[in-house]
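In what follows, a single structure is set out as structure tokens and then discussed.
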Amino acid sequence: MRRKDRQVTNRSKIQEIIASCDCCRLGIQDNAGIYVVPMSFGYESLQGVDTFYFHSANTGRKIDLLRQNPRVGFEMDTHYQLKTAATPCGYSAQFQSIIGTGTVSFLEDIMEKRQALSIIMRHYTEKFDWEFSEERLQSVCVFRLTADTLSCKEHK
């Protein structure tokens, strides 16, 4: 990271920033370039391993590409606010952001899917004890992204 003065390294602060994000954008490799997909997500950190969970239909471009190459980049940001100035070059922005890379794996076990979907729902509702029908658990595609790099930046 070039701007070390904006780097956030405190784990609690990083988790707080992730919790305040509404969308995680996945950058997936395609033969034509990079395919970026905004997604709802859930997050947990266990023993220092940052893990993100996503749900999707079982078919489509995103799923096809992830099955071909599970290596992805990701980005999320929050608290964006434009800072105005008298001149164009004086403009700036306040923000917090997370950027990283990792590997996607698909969850097939019903209990793992249930747990992952509960983590996603907890992210948006702060409620964890959701019920999911067996039919829904069978029909939804659930995958996890295990981050191997993650950096956090904040500009106030």
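Throughout, read-outs are computed from the coordinates displayed, never taken from laboratory work. The model shown is predicted, which means the values in this text are computed figures rather than measured ones. Neighbour counts run over all protein chains shown; Cβ positions are idealised from the backbone, glycine included.
Quick rundown of the values:
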item: Largest-first principal axis extents, alpha carbons of the chain, Å; result: 58, 39, 28
item: Rounded if a/c under 1.5, otherwise prolate or oblate - region 71-127, Cα gyration tensor axes; result: oblate
item: Selected from TYR53, TYR91, TYR35 as most flexible by GNM, with the chain as the system and alpha-carbon contacts under 10 Å; result: TYR91
item: Residue order, fewest to most surrounding Cβ atoms within 10 angstrom, among ASP50, ASP5; result: ASP5, ASP50
item: Sequence-distant lysines (8 or more away, or on other chains) whose Cα lies within less than 19 Å of LYS4; result: LYS13, LYS153, LYS156
item: Alpha-carbon centroid distance for the pair region 1-73 / region 110-129, whole angstrom; result: 17 Å
item: Candidates GLY42, GLY27, GLY90: whichever shows maximal mean-square fluctuation once the chain is modelled as a Gaussian network with Cα springs under 10 Å; result: GLY90
item: Shape of region 60-104, Cα gyration tensor, a/c cut at 1.5; result: prolate
item: Taking the chain and dividing mean pair separation by its residue count, relative contact order in percent (alpha carbons under 8 Å, at least six apart); result: 30 percent
item: Least to most buried among ILE34, ILE28 (fewest other Cβ within 10 Å first); result: ILE34, ILE28
item: Packing-based exposure ordering (other Cβ within 10 Å, fewest first) of ASP129, ASP77, ASP30; result: ASP129, ASP30, ASP77
